[in-house]
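One structure is given below, encoded as C-alpha cells.
The values are calculated or read from the model by the stated rules, or taken from the named source; none is laboratory data. Owing to the predicted nature of the structure, the values given are computational and were not obtained by experimental measurement. Counting neighbours? That spans all protein chains shown, and the Cβs are built from the backbone with ideal geometry, glycine included. All accessible areas refer to the heavy atoms of the entire protein, side chains included, with ligands and DNA or RNA removed. Shrake-Rupley method; radii C 1.70, N 1.55, O 1.52, S 1.80 Å.
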Amino acid sequence: MSIEKEVEKRNHRKLGQELELFMSMEEAPGMPFFLPNGMVIRNELENYWKQKHQKAGYQEIKTPIMMKQQLWEQSGHWDHYHENMYFSNVDEQNYAIKPMSCPGAVLIFNSKRRSYRELPIRYAELGLVHRHELSGSLSGLLRVRSFTQDDAHLFVREDQIESEVDKVLDLIDEFYSEFGFSYKLELSTRPEDFMGSVEIWDKAESALESVLKKKELPYQINQGDGAFYGPKIDFHILDSLGRSWQCGTVQLDFQMPGKFNCQYIGEDNKPQIPIMIHRAIYGSIERFMAILIEHFAGEFPLWLSPVQARILPISDAHVSYAYQLKEHLEIAGLRIEVDDRVEKIGLKIREAEKQKIPYMMIIGDQEVENKSLAMRKHREGNLGQMKIEAVVDQLRGEK
Ligand SMILES: [Zn+2]
C-alpha cells in the first residue's frame, strides 16, 4: 500500500466517525464531543495515567476552569498569552478561562506553610484548558480549542532539580513504551520574549542539559524556542508510519514561584523560593487519542478497545446462552457485546471484523452443550473451541 493510502486509511477523523469515537459540531467549533466508545478509550488512558502517577509519588488535584483576571496578570499570561485566551464577566468582575493549569497549582501550594522536608511536592492535574486557535486551523482531535492537559507541577528545591527531571524522563519513557512509540528529544532555550535574568536562564538550561548528558540521551537544541518562563525538553514521538508528533514536555520555571511569593522554610529556618517544574506526558488527551487512532489504525490493544469481544450466536436458540456468557465475562472485567440479530453468521463476522473488534465468540449447538465458545481473532481467524475459564485467562493476560 502506498504511504498516501496508508495515511488516508488511518485518518483519525474518518476512523473516529466509523468507530463512533467522537464528533465535531458547528455548535462548538474545535471542541470535540466524545461518544461512548471514545469515552472508554479516554477513561482507560486517564486511569492508566492516574495509577502510574500515584505510584510515582504524585498527588492529584483539580483547579477551577475560570479564575479572576488579576491572577493571570500576576502569572504573566496576560502579557504573554492574552491573544489565545477566552474571557468572561461574572458579577461585574473580569475572569479568564484557563489556558494552563499552573496558577491554580501555585494557589494550592501557597495555601499552607511549607517546610524543606515536604519537598518535592508533585501535583498532578488532568486540567481542562481552552486556547483560541484560528477556525481555519481546527482539525478533528489534533487541533482543538478545548482539551485536557495531563499536567503536573512539581515544587522542588534547587538541589532536587536534576533528580526530579531524571525521574520525569523515566516516567515519560515508561508511558511511550507502553504504546510502542520511540521518540526524539529537543532542548529549547531562551526565547527573545523571556522573563527573568539571563543568569538564571543559563543555570536552568545547564541543569536540563546535564540530566540529558548523564542519561546519555541524544537530543537536539532548539535555540530560542523555550517558554517565556523557562527552558524545556520536548518529546517528539514516532508513530507506526514514522511520523513525528510533539507530545511530552518538561519545563523548568524559576519565575512563577517568585511572582506568586511561593515559599518554604529552609533547613536554616529562613524562607526560600522553590523552583517549579511543569510537565506533561500525553500532552493533551485529545491529541494523544488522535495519534493513537492513526498509530494503531483503529485496531487498539485489548485494554484500549471499546468492545473487547462480541458474542455471535448462530441462531435464536443460542441467544440465551450468549447472554449468560456475556454476564460471566463482564464479571471478569471484560467489555462484551452480543449480536443477537437474526442474521447469517457470516455477515455478523464481517461486521465485527470491519469494526475492528479484537475477539469474536461464536456460539452454536455444540458450544451451548459443552459450555464453551468458538473463538475468533480479528484478522487472524479461527482459534478453535475454548472453555470459558481459558478465555478469561487469555484475555486478562493480554490486557
Ligand atoms: Zn504549568
Point to revise | Restricting the stretch 92-113 to residues that are out of contact with any Cys (no Cβ under 9 Å at 6 or more places or on another chain) and among the polar types (S, T, N, Q), the residue that is nearest to the ligand (Cβ to nearest atom) | key: SER101
Check your understanding: Residue check: is PRO313 open to solvent by less than 30 Å² (accessible area, probe 1.4 Å), in the same structural domain as GLU8 (by TED's automatic domain parsing) and on the phi < 0 side of the Ramachandran plot?
Key -> no
**Study point:** Evaluation of GLU267 against (1) of a type outside the set (A, V, I, L, M); (2) in a loop (DSSP other than H, G, I, E, B); (3) farther than 30 Å from LEU212 by Cα; (4) open to solvent by 10 Å² or more (accessible area, probe 1.4 Å) (one fails), failing number
**Key:** (3)
**Study point:** Matching option when the condition is among the aliphatic types (A, V, I, L, M), surrounded by 13 or more Cβ atoms within 10 Å (Cβ to Cβ), within 29 Å of SER135 (Cβ to Cβ) and touching a residue at least 40 places away in the same chain (Cβ under 8 Å), among ILE41, ILE61
**Key:** ILE41
Review point. In the stretch 247-257, is there at least one residue being open to solvent by 10 Å² or more (accessible area, probe 1.4 Å) and either at positive phi or away from the ligand (no atom under 16 Å from the Cβ) (or both)?
Key: no
Review point. If you check SER75 against the conditions, is it out of contact with any Ser or Thr (no Cβ under 9 Å at 6 or more places or on another chain), among the hydroxyl-bearing types (Ser, Thr, Tyr) and under 25 Å from HIS153 (Cα atoms)?
Key: yes
Practice item. Consider only pairs whose beta carbons are under 7 Å apart and that are at least six residues apart or on different chains; among these, list those whose first residue lies in the stretch 160-187 and is assigned by TED's automatic domain parsing to the domain that holds LEU241 and open to solvent by less than 10 Å² (accessible area, probe 1.4 Å) and whose second residue is of a type in the set (Lys, Arg) and not in a helix (DSSP H, G or I). Key: VAL168/ARG279; LEU169/LYS215
Exercise for review: State which residue pairs qualify: first residue in the same structural domain as THR63 (by TED's automatic domain parsing) and of a type in the set (D, E, K, R) and inside the stretch 88-104, second residue within 10 Å of the ligand (Cβ to nearest atom) and open to solvent by 10 Å² or more (accessible area, probe 1.4 Å) in any location, beta carbons under 8 Å apart, and separation of 6 or more residues or different chains.
Suggested key: none
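When the residues of the stretch 271-302 are filtered to those that are aromatic (Phe, Trp, Tyr) and surrounded by 20 or more Cβ atoms within 10 Å (Cβ to Cβ), which remaining residue is nearest to GLY140 (Cα to Cα)?
Of everything passing the filter in the stretch 271-302, PHE288 is nearest to GLY140 (Cα to Cα).
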Study note, to complete from the structure: Across (1) open to solvent by 20 Å² or more (accessible area, probe 1.4 Å); (2) within 16 Å of the ligand (Cβ to nearest atom), GLU118 clears everything bar (2)
Review point. So which of MET67, MET31 is in a strand (DSSP E or B) and in contact (Cβ under 8 Å) with a residue 12 or more places away in the chain?
Key: MET67
Review point. So which residues in the stretch 68-91 are within 16 Å of the ligand (Cβ to nearest atom), on the phi < 0 side of the Ramachandran plot and not hydroxyl-bearing (Ser, Thr, Tyr), if there are any at all?
Key: LEU71, TRP72, GLN74, HIS77, TRP78, HIS80, ASN84, MET85
Review point. How many residues, within the stretch 275-303, are small (Gly, Ala, Ser) and either without any contact (Cβ under 8 Å) to a residue 60 or more places away in the chain or within 16 Å of the ligand (Cβ to nearest atom) (or both)?
Key: 3
Exercise for review: Scan the stretch 86-115 residue by residue and report those that are more than 12 Å from GLN69 (Cα to Cα), open to solvent by less than 50 Å² (accessible area, probe 1.4 Å) and assigned to a loop (DSSP other than H, G, I, E, B).
Suggested key: PRO99, MET100, SER101, ARG114
Review point. Does the stretch 11-26 contain any residue that is open to solvent by 20 Å² or more (accessible area, probe 1.4 Å), within 26 Å of PHE260 (Cα to Cα) and modelled with pLDDT of 95 or more?
Key: no
